[in-house]
Amino acid sequence: MGRVISSLSELSSLVIRSLALILVFNLSLSVNAEPLKVGEIAPNFTINQIDNAPFKLSEFKGKQSVYLVFWNTWCGHCMKKVPQLMAIEHEFGEQVKLLAINTSWSDSLAEISQFQARFEANYAIAFDENAEITHRYGVMGTPTGFLIDINGVIKQVDGITHTLAANIEQWNRVSDSEEKPVVLAGAVCDKDSLC
């Protein structure tokens, strides 16, 4: 009888923790910022990479484009994207800074280390504790990518692995204009369009 009560107690505790996690996740979705769009200035942020090297987005302005990928260790599409990201780092690492930002949604530093070892990832990884940057960028699912050009402007959202080679020269061109870029309502870059 004691084991049944203990098992029921454990089950009840598990159900309560699961419901609490679902509630927290749903609340976090409701406070997300509006997803960023092509043509907007990318919000600056600072984060430590897994190797403790600091990353500050504004330090890349005028130097090179930045490719941000928001991901999770348990995300199947994120796992499928790893070989593409490794190829980008290998081929374009001098032209674009690739940073994979783990959203911290049901993830830990230990799981990220296991993921990095398992896939032998050759690109920079950071852990967005409390998902602050994730929320600032309006990320609602993973993987989500943002290509930020040398001028600090978001040039493409998602589909970047398919268009990087064709656009990197343009994205690394410093703008002569000091004007704020025009945001085109409804403008979307996908794998078939050049931005």
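The values are calculated or read from the model by the stated rules, or taken from the named source; none is laboratory data. Computed from a predicted structure; not experimentally measured. Don't worry about glycine lacking a Cβ; one is built from the backbone with ideal geometry, like all the others, and counts go over all protein chains shown.
At-a-glance table
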| item | result |
| --- | --- |
| Residue among Ile133, Ile112, Ile160, Ile148 that alone is in contact with a Leu (Cβ under 8 Å, 6 or more places away or on another chain) and modelled with pLDDT of 95 or more | Ile148 |
| Elements of type strands (runs of 3 or more DSSP E) contained in segment 109-175, each with 1 or more residues being small (Gly, Ala, Ser) and within 18 Å of Asn72 (Cβ to Cβ) | 124-127, 144-148 |
| Those residues of segment 106-130 which are among the small types (Gly, Ala, Ser) and surrounded by fewer than 21 Cβ atoms within 10 Å (Cβ to Cβ), in sequence order | Ser106, Ser108, Ala110, Ser113, Ala117, Ala121, Ala124 |
| Residue within segment 97-105 that is within 19 Å of Gln49 (Cβ to Cβ), exposed (fewer than 14 other Cβ atoms within 10 Å of the Cβ) and in the same structural domain as Thr46 (by TED's automatic domain parsing) present | no |
| Any hit, segment 132-148, residues being over 27 Å from Ala166 (Cα atoms) and of a type in the set (Val, Ile, Thr) | yes |
| Among the residues listed as Asn44, Asn52, Asn72, Asn48, the single one being over 22 Å from Asn172 (Cα atoms), surrounded by fewer than 16 Cβ atoms within 10 Å (Cβ to Cβ) and either touching a Gly at 6+ places or on another chain (Cβ under 9 Å) or in contact (Cβ under 8 Å) with a residue 12 or more places away in the chain (or both) | Asn48 |
| Single condition Ile101 does not satisfy, out of (1) among the β-branched types (Val, Ile, Thr); (2) within 18 Å of Ser58 (Cα to Cα); (3) part of a loop (DSSP other than H, G, I, E, B) | (3) |
| Selection within segment 116-172 - in contact with an Asp or Glu (Cβ under 9 Å, 6 or more places away or on another chain), of a type in the set (D, E, K, R) and free of Cβ contacts under 8 Å to residues at least 60 places away in the same chain | Asp158 |
| Filtered residues of segment 82-96 (kept if buried (at least 21 other Cβ atoms within 10 Å of the Cβ) and either within 17 Å of Leu57 (Cβ to Cβ) or of a type outside the set (Val, Ile, Thr) (or both)) | Leu85, Val96 |
| Yes/no for Ala166 being within 14 Å of Phe45 (Cα to Cα), among the aliphatic types (A, V, I, L, M) and assigned by TED's automatic domain parsing to the domain that holds Leu57 | no |
